[in-house]
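Q: I have a structure here, written as structure tokens, and I will follow up with some questions on it.
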Amino acid sequence: MFFREIFEAALHRFRTHPVQTALTLTGLVVGTAAIIIIVALGLTGRTFVMAQIEGVGSHLVWANYRGTVSAGVSRTLDDTMTDVDVKTIASRGDLFSGVTGVVLLRGNVTVQSQVKTLTVIGVMANYGTVRKNMRILKGRFLDEDDIQSRARVCVVNRDLYQRLFGQSDPGDKTIRTLGTTFQVVGEFEEPVDTLGRGDIVPETILVPITAAWSFLPTRQVKTLFAEVRDFSELPAGVRAVEETLKERHRPGSVYEVESMTTVVRLARTISVGLIVVFVLAAAVSVVVGGVGIMNILLASVEQRTREIGVRLSVGARRRDILRQFLIEALLLGAIGSFLGVVVGLVVPFVAGLFIRSVDIRVSPLSAVLAFLFSCAVTVLFGVVPASRAANLNPTEALRYE
């Protein structure tokens, strides 16, 4: 019965002062919704940034040969990486899920009556699964049979393919470069910008690495890519590649082994930091809403002074009055917080219906925490008016006009 009376008192406040109550709860609704929306924006932004980094290779270790020195600075014979290095590192199946190598050649191709420099990249059959940032649009990718048979086939970058062949299927299309003819078996693209770390340019074709080796004196590898099984193993992966190359090649050979460890960690730290800062900013709106509820309850105490005096004179305890106003504050806060949660969840959902290119992430935990935080703020700001009501002198309250 007691809680029913309190609930009816809160509803009475809504009925008698609807505009004042609605304006008071607006800050609470906006603040609660803002917390959820900002967390959703932060998670969505982090997912997008991590997707961009994944295009470069968040789990990748890559190595490049930089030269061999003897007497401090003088260069000796090249000691480039080879396919044997790839096989040796790939044998570490406990650490790496895949290892591949590429070799880079330059040729010419005629595009719309103009001679363009063509980037010819020799790749292994597992290039797509290791690098990941490659999507076949038409036809197929190079397979193991192409590698074993040194087939003169190629997969063409989208920009070049469309300028050469338009929207037609690969079929019997060919590209002549490096003094030979390659049959086009597919069209590909890089769906994510590689931030300048990739070898793909608008005029690029991928060919079997064995076919590329026929234009080189050795079975060399320009860049070696190794994908670790877990992000936490990246430092161990870098060390394993460095040690393998050092053991297999002459002293003085310099190999640059890199990973995205620092960039990924920095991106995660920045995203978390931004989310925290913006959530704190949104929390200010919740605090403003709490102040509004405190004001409305102080006005309620002023208007119900005689009622409080009557209750105290007929035996109500001060803690009953205190609890009454605290619960009334909680009810007001719960209503505003609930409406804020609804708005905070609906806005990202509606945005997702119109923005299909971005995966909008919503955290249910943020909704729960935002609701609890807003309720806690309203109770905290309800302490002042509740204490004022509980400490009224019954005699003076009964004489209050």
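Q: At a Förster distance of 35 Å, what's the computed FRET efficiency of ARG319 paired with VAL346, Cβ-Cβ distance as r, to 0.05?
A: 0.30
Q: Give me the one-decimal nm value for the distance between modelled label points at VAL254 and GLU189, 7 Å along each residue's Cα-to-Cβ direction.
A: 3.9
Q: When the chain is fully extended, how far beyond the present Cα-Cα distance does THR218 get from SER97, taking 0.36 nm per residue of separation?
A: Difference between extended and current length: 40.9 nm.
Q: If the reach is capped at under 24 angstrom between alpha carbons, list the lysines near LYS138, excluding any in the same chain fewer than eight residues apart.
A: LYS116, LYS173
Q: Also, I was wondering about something else. How long are the semi-axes of the equivalent ellipsoid of segment 60-259, defined as square roots of 5 times the Cα gyration tensor eigenvalues? Whole Å, largest first.
A: 31, 19, 15
Q: Which of the lysines could a cross-linker span from LYS246 if the Cα-Cα distance has to be under 18 Å and same-chain partners fewer than 8 positions apart are dropped?
A: Result set, ordered by chain and number: LYS87, LYS222.
Q: Could you give the nm distance between label points at PHE354 and ASP169, where each point is 7 Å from its Cα heading toward the beta carbon?
A: Between PHE354 and ASP169, the simple spin-label model gives 3.9 nm.
Each value in this text was obtained by applying a stated rule to the coordinates, not by laboratory testing. None of the values given here were measured: they were computed from a predicted structure. Ideal geometry is used to build each Cβ from the backbone, glycine not excepted, and the neighbour counts take in all protein chains shown.
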